[in-house]
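Notes follow the structure.
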Amino acid sequence: MKKTDVDKIDLDKPIKAYMAKPDKTLGEHYEDFLRQAEILWNLGYISSEHMYDLLKECGCHHDDGKVNLPFQMRVNDKSGKIKFDEDKEVSHNVLSVFYLNPKDYPKEDYLKIACAILHHHNYCDIAQVLKEKMDLIQELLIDRYTYKVKPSVWNKILGKVLLDPETITLKGLLHRCDYSASGNYQVEYQNDFLLDSLEGMMAVWKQKNPESKWNELQKFCMENREENIIALAPTGMGKTEAGLQWIGDWKGFFILPIRTAINSIYDRVRKDILHDEKLNERLGLLHSESLEYYKNNTQETDLLDYYDRGKKLSLPLNISTIDQLFDFVFKYKGYEMKLTTLAYSKLVIDEIQMYGPDLLAYLVCGIRLIHKQGGKIAIITATLPPFVRDFLVHDAEIPFKEKSFSSDKIRHSVLVKHASINADDILGKYYQNQSEGKGNKILVVCNTIRKAQELFDALKEKDVHLNLHLFHSRFTNSDKAKLEQEIKDFGVTYSKDAVGQLDIQDGIWISTSLVEVSLDIDFDYLFTELLDLNSLLQRMGRLNRKGEKEIEGYNCFVYYDGANIKCGRKGFIDKTLYQCSVDALAEVDGLLSEADKKRLIDTYFTMDRVKDSEFVREYKRIFEVFKDLEDGHFDENDMISLRNIATQNIIPKKVYDENYDEIVSKEKQLIEVGKEMKRPSIAGEKGKEYQELYRKRLDIQEYLKGFIISIPLYEFRIYDKKFWEDFGNVSISRNEKVPIMKCHYDEKGFYPIDYENMEFKDEIMNV
């Protein structure tokens, strides 16, 4: 301190008596920190007593640097007018290192503690501050409490020590305990319910069928909870229950690629296993729309609290998309907190074959880091191409215990046609089934939305009385939700009116890859274009799903003509993977067992066969970029999106016009609710009235979001360039305004105006 300022700091006052926050002293914050650390220790999430001791030392000293006159003046300022002045202050995380006595610790422990403390905030360029502001640092320090820090120490804790696995863990734990102590929330909740709940579910099954028991897949997962595993099992073998058995009474994450699949598993777990009990302490849903889903599907009164616990990764069981968790591979500032949390957790990864090369590379990089830090990984999936397995084993450097399981049931009889999928074939089978009185639920899956729409038109033109439906991603959110429920209701296996009897209905549903993953539907016949073999097997999982239907002749028709094969960033089919699939299907005609499917995958998707594919090249390129990425290389502005999908939200002009009065009214209500929520008496307490207003705001936003369609960005850019009229936008929130777009929208969903081949003045205005 400056000599002139010494009298403003009471040197007889214990250091822990100074203020850490406006309402907490350093000592009080430290006690809160210790309580959070103790929770982690008691749950078994801290690997050793030594690490626990290091964490407590970090907690004791990480905020000591706040004991300087400028900070204390600022933290005690009730007016809020005193702001951080970089000419007079230095970030407290830098100053805190000086409050560590090197003689109190073994050398390596001192370096790790100092490193974790130094980097527990990212308020400044630390190296630059140390270089340019050492005089100011010395002025701010209190001599009686501080110690010299050697230049060699600074070099180490700014460099190699930060990369040490134990330091990464320590820093991550420091972040978790510090943030939870500061935010006054519980860092973790105990998983003391899952195994009991699973046994409760089995007891219910036994009441219905005394022969019910855990199958071989589920037993394998139960017996190998301490191992990293790869388990391959066909649809219908209870992969979700198997994954939950493997997690056991530990912290766990269940990761799937598609939001609809995640919602489905979340609902199964909360209803069938947890029975909606104590969800706010047990089960989290992690994706971009989870808050809205909570509101509509749970009875939790404090939505914000429940949502925050999930976002802060405090809940013991979580169902998540990859992008919510694996962004730590970018090694942004503070990434250690998320990595450390996942490293004391168990991760179940389902449907791994669904990921493209970019997401697969992120995933492999991520589980590689998690494994190095001590985490456990389970890959539980229907199919696993050998080349993907090679990535998991060799690139992730994880020793897996592996086992494949098969079902005795034969569910599919396949006819492969070197032709384009067409309305005549579909109608022929449809009419034949009608005449023979057979189950007549026909699912048609196309590779593109455009093809699905064209086929819809062709079928409707041939028979206007068909029970015909179309389901893809380019319907408004509200229409898409209705269609999803309708296809689920239509695609049930058993009749709702007669227990144990197969459901018999008559109709055709046309869809896209949207139906491939975890959509619990069961159709009688499948007509599908070939994308690749893995995708085909996923589509076949929506056909005779339970294996309860008799197979007379073919029930699966696969079409390929090679006409739509494209490769590259704007394409959708990898030429090599497509050709491998064609080669595999040359062996297929008639009944296809689960063992046959696995053999085809194992034979035709080896690394030798696909090593020159665009998929493998892109995977390797991205993996090499991220496998040894340095800390802080990416910032928020230049991070690549994990989903890597270039889309634009729009509201069709037709939809907007049809709902104009209600939309305008809801926008006005949204403004008024926002004003009410900002009232000091409401915002300050955030009690019942605030919660009610928050729910009301969510209801309004959900209503408005119901009109939104997500379309490819290139489609919108064509519109933006070609179309001179501005129809404005709809305000969803302060930061989200959705443009209104002139386009077609009807029973086929969204499809664009043909901008290239139209007379603008005539056609645009008459749509």
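The values are calculated or read from the model by the stated rules, or taken from the named source; none is laboratory data. Here the structure is a predicted model, which is why all the values come from computation and not from measurement. Every residue, glycine as well, gets a Cβ built from its backbone with ideal geometry; the counts of neighbours run over all protein chains shown.
Each row is one residue, and each column tells you yes or no for (1) within 22 Å of the chain's Cα centre (by Cα); (2) under 15 Å from ARG225 (Cα atoms).
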position	(1), (2)
ILE377	yes, yes
VAL388	yes, no
ALA396	yes, no
PRO399	no, yes
GLU402	no, yes
SER406	no, no
HIS412	no, no
LYS417	no, no
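Do the conditions hold for ILE510, that is, is it modelled with pLDDT of 95 or more and in a loop (DSSP other than H, G, I, E, B)?
Details: modelled with pLDDT of 95 or more: yes; in a loop (DSSP other than H, G, I, E, B): no.
Taking the combined requirement at face value, the residue does not satisfy it.
I'm trying to understand the selection: among the residues of segment 226-249, which are surrounded by fewer than 20 Cβ atoms within 10 Å (Cβ to Cβ) and touching a residue at least 24 places away in the same chain (Cβ under 8 Å)? Talk me through it step by step, then tell me what you get.
We begin by selecting, within segment 226-249, every residue surrounded by fewer than 20 Cβ atoms within 10 Å (Cβ to Cβ); these are 226-227, 236, 238, 248-249.
GLU226, GLU227, GLY236, GLY248, ASP249, listed by residue number.
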Checking LEU533, LEU526, LEU483 in turn, the sole residue that is farther than 15 Å from LYS417 by Cα, out of contact with any Asp or Glu (no Cβ under 9 Å at 6 or more places or on another chain) and surrounded by 17 or more Cβ atoms within 10 Å (Cβ to Cβ) turns out to be LEU483
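Would a scan of segment 591-605 turn up a residue that is hydrophobic (A, V, I, L, M, F, W, C), touching a strand residue (DSSP E or B) at 6+ places or on another chain (Cβ under 8 Å) and modelled with pLDDT of 90 or more? Steps first, answer last, please.
Kept after step one, since they are hydrophobic (A, V, I, L, M, F, W, C), are these residues of segment 591-605: 591-592, 595, 600-601, 605.
Keeping just the survivors that are touching a strand residue (DSSP E or B) at 6+ places or on another chain (Cβ under 8 Å) gives 591-592.
So of that shortlist, the ones also modelled with pLDDT of 90 or more come out as 591-592.
Yes; the residues of segment 591-605 include at least one that is hydrophobic (A, V, I, L, M, F, W, C), touching a strand residue (DSSP E or B) at 6+ places or on another chain (Cβ under 8 Å) and modelled with pLDDT of 90 or more.
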Of all residues being without any contact (Cβ under 8 Å) to a residue 60 or more places away in the chain and not in a helix (DSSP H, G or I) in segment 370-406, which is farthest from LYS627 (Cα to Cα)? Just the residue, please.
GLY375
Restrict the check to segment 163-174 and report whether at least one residue is loosely packed, with under 12 Cβ neighbours inside 10 Å, of a type in the set (Lys, Arg) and assigned by TED's automatic domain parsing to the domain that holds THR25.
no
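Quick one: is TYR656 in contact with a strand residue (DSSP E or B) (Cβ under 8 Å, 6 or more places away or on another chain) and either under 22 Å from THR301 (Cβ atoms) or among the hydroxyl-bearing types (Ser, Thr, Tyr) (or both)? Write out each step before concluding.
On the way: in contact with a strand residue (DSSP E or B) (Cβ under 8 Å, 6 or more places away or on another chain): yes; either under 22 Å from THR301 (Cβ atoms) or among the hydroxyl-bearing types (Ser, Thr, Tyr) (or both): yes.
The answer is yes for TYR656.
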So the check is Cβ under 6 Å with 6+ separation or different chains; which pairs have a first residue in segment 167-187 that's farther than 14 Å from TYR335 by Cβ and a second one that's aromatic (Phe, Trp, Tyr) and in a helix (DSSP H, G or I)?
CYS177/PHE33; ALA181/PHE33
Only one of TYR656, TYR719 that is aromatic (Phe, Trp, Tyr), surrounded by 15 or more Cβ atoms within 10 Å (Cβ to Cβ), modelled with pLDDT under 95 and within 26 Å of GLN453 (Cα to Cα):
TYR719
Is at least one residue of segment 724-744 modelled with pLDDT of 95 or more, assigned to a loop (DSSP other than H, G, I, E, B), among the basic types (Lys, Arg) and outside the structural domain of PHE456 (by TED's automatic domain parsing)?
no
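Identify all residues within segment 241-250 that are of a type outside the set (A, V, I, L, M) and more than 16 Å from GLU216 (Cβ to Cβ); write none if there are none. Step through it out loud before you land on a result.
First pass over segment 241-250, keeping only residues of a type outside the set (A, V, I, L, M): 241, 243, 245-246, 248-250.
GLY248, ASP249, TRP250, listed by residue number.
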Inside segment 253-296, can you point out the residues that are under 15 Å from the mean Cα position of the chain (by Cα) and either more than 22 Å from ILE349 (Cα to Cα) or assigned to a helix (DSSP H, G or I) (or both)?
ARG259, THR260, ALA261, ILE262, ASN263, SER264, ILE265, TYR266, SER290, LEU291, TYR293
Given the condition modelled with pLDDT under 95, in the same structural domain as LEU26 (by TED's automatic domain parsing) and touching a helix residue (DSSP H, G or I) at 6+ places or on another chain (Cβ under 6 Å), answer yes or no: does some residue in segment 78-88 qualify?
yes
Working only within segment 208-223, note down all residues that are under 15 Å from LYS403 (Cβ atoms), in contact with a helix residue (DSSP H, G or I) (Cβ under 6 Å, 6 or more places away or on another chain) and surrounded by fewer than 18 Cβ atoms within 10 Å (Cβ to Cβ).
MET222
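From the list SER593, SER613, pick out the single residue that is at negative phi, surrounded by fewer than 19 Cβ atoms within 10 Å (Cβ to Cβ) and of a type in the set (S, T, N, Q).
Values: SER613 fails: surrounded by fewer than 19 Cβ atoms within 10 Å (Cβ to Cβ).
From the options SER593, SER613, the qualifying one is SER593.
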Matching residues, segment 457-480, being out of contact with any Gly (no Cβ under 8 Å at 6 or more places or on another chain) and touching a residue at least 60 places away in the same chain (Cβ under 8 Å)
ASP457, SER473
Quick one: is ASP23 surrounded by 20 or more Cβ atoms within 10 Å (Cβ to Cβ) and under 24 Å from GLN186 (Cβ atoms)?
no
Show the residue pairs that are 6+ apart or on different chains and have beta-carbon atoms under 7 Å apart, the first residue being within segment 71-86 and closer than 25 Å to LYS133 by Cα, the second being among the β-branched types (Val, Ile, Thr).
MET73/ILE82; ARG74/ILE82
Residues of segment 183-199 satisfying the condition of being at pLDDT 95 or above and either in a helix (DSSP H, G or I) or more than 25 Å from MET337 (Cα to Cα) (or both):
PHE193, LEU194, LEU195, ASP196, SER197, LEU198, GLU199
Flagged pairs (Cβ under 8 angstrom, 6 or more apart or on separate chains; first in segment 204-220, in contact (Cβ under 8 Å) with a residue 24 or more places away in the chain and in a loop (DSSP other than H, G, I, E, B); second surrounded by 14 or more Cβ atoms within 10 Å (Cβ to Cβ) and polar (S, T, N, Q)) are TRP214/GLN245
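Confirm whether LYS271 is farther than 25 Å from TYR185 by Cβ, of a type outside the set (Asp, Glu) and surrounded by fewer than 19 Cβ atoms within 10 Å (Cβ to Cβ). If you could, list the steps in order and put the result at the bottom.
Numbers: farther than 25 Å from TYR185 by Cβ: yes; of a type outside the set (Asp, Glu): yes; surrounded by fewer than 19 Cβ atoms within 10 Å (Cβ to Cβ): yes.
So LYS271 fits the description; yes.
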Taking the condition surrounded by 20 or more Cβ atoms within 10 Å (Cβ to Cβ) and within 25 Å of SER48 (Cα to Cα), does ILE421 pass?
no
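Might you let me know whether segment 27-45 holds any residue that is among the polar types (S, T, N, Q), surrounded by fewer than 12 Cβ atoms within 10 Å (Cβ to Cβ) and assigned to a loop (DSSP other than H, G, I, E, B)?
So in segment 27-45, the residues among the polar types (S, T, N, Q) come out as 36, 42.
Still in the running and surrounded by fewer than 12 Cβ atoms within 10 Å (Cβ to Cβ): 42.
Retained after the next criterion (residues that are assigned to a loop (DSSP other than H, G, I, E, B)): none.
Within segment 27-45 (the criterion being among the polar types (S, T, N, Q), surrounded by fewer than 12 Cβ atoms within 10 Å (Cβ to Cβ) and assigned to a loop (DSSP other than H, G, I, E, B)), the answer is no, since none of the residues qualifies.
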So GLY310, is it part of a strand (DSSP E or B), outside the structural domain of ASP699 (by TED's automatic domain parsing) and in contact with a strand residue (DSSP E or B) (Cβ under 8 Å, 6 or more places away or on another chain):
no
Residue that is part of a helix (DSSP H, G or I), in the same structural domain as MET540 (by TED's automatic domain parsing) and over 12 Å from ILE510 (Cβ atoms), where the choices are ALA452, ALA481:
ALA481
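Under the condition of being charged (D, E, K, R) and within 22 Å of THR240 (Cβ to Cβ), which residue from segment 373-401 is surrounded by the fewest Cβ atoms within 10 Å (Cβ to Cβ)?
Here is the first cut: in segment 373-401, the ones charged (D, E, K, R) are 376, 389-390, 395, 397, 401.
Adding the requirement that they be within 22 Å of THR240 (Cβ to Cβ) leaves 376, 389, 401.
Numbers: LYS376: 25, ARG389: 20, LYS401: 14.
Looking at residues that are charged (D, E, K, R) and within 22 Å of THR240 (Cβ to Cβ), I get LYS401.
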For segment 47-129, which helices (runs of 4 or more DSSP H) that fit wholly inside it have 3 or more residues that are over 24 Å from ALA17 (Cα atoms)?
49-61, 107-118
